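A.B. asks: Have a look at this one.
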Amino acid sequence: MGIWVRGAIVAAVVFGMGSCSPEDFIDENLGAATIVSFEASRSSIDEGESVTLSWVTRDAKTLRLVDDRSESIDLLGADIRSGSVEVSPFMTSNYRLIAIGANRKEVASEVRIEVRRASLD
């Protein structure tokens, strides 16, 4: 139903009297964060070496990086939108990047770093 008011149309919706509900007008993706990319500079390293984890996000308000034990990795002031951090895992590990948008929903991405043990000859 529309009503003309000085050249503009105003839509009138009556909830409960049709097939519309307030939820029909909520965009669940509004304010959602996106992880565009999350990658490691190398997927396999020798014991004692380091690897750089880098990311690009969109619309993230908060960013966290955690390891296999759910321990937070300090991002050292890296930019939420496009940043990197160096890690030195002592064993094969997964790293999970978690971005939270204005809608307070989490999105995540993971990378796995294989650590080759030094051989004992």
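Quick note: the coordinates plus some simple rules give every number you see, no bench work behind them. Just so it is clear, the structure is predicted and the values come from calculations on it, not from any experiment. Note that each Cβ is placed from the backbone with ideal geometry, even for glycine, and that neighbours are counted across all protein chains shown.
A.B. asks: To the nearest 0.05, how large is the calculated FRET efficiency for Arg64 and Asn29 if R₀ is 22 Å and r is the Cβ-Cβ distance?
C.D. replies: So, using R0 = 22 Å, E works out to roughly 0.60.
A.B. asks: Just to check I understand the Karplus step: with θ = phi - 60° and J = 6.51 cos²θ - 1.76 cosθ + 1.60, what whole-Hz values come out for segment 104-112, glycine and proline as x?
C.D. replies: Karplus-based 3J(HN,Hα) across segment 104-112 equals 6, 9, 8, 10, 9, 8, 10, 10, 10 Hz.
A.B. asks: Going by amide H atoms built from the backbone, whose H comes under 5 Å of the H on Ser82, apart from near neighbours?
C.D. replies: Excluding prolines and chain starts, which carry no amide H, the hits are Thr57.
A.B. asks: Still on this model: With labels modelled as points extended 7 Å from the Cα through the Cβ direction, what inter-label distance (nm, one decimal) is found for Arg116 paired with Phe90?
C.D. replies: 2.1
A.B. asks: Another question, then. Which FRET efficiency, nearest 0.05, do Asp74 and Glu106 yield, Cβ-Cβ r, R0 25 Å?
C.D. replies: 0.80
A.B. asks: Report the gain in length on full extension from Ser82 to Ser44: 0.36 nm times residue separation, minus Cα-Cα distance, nm rounded to one decimal.
C.D. replies: Fully extending the segment from Ser82 to Ser44 adds 11.4 nm.
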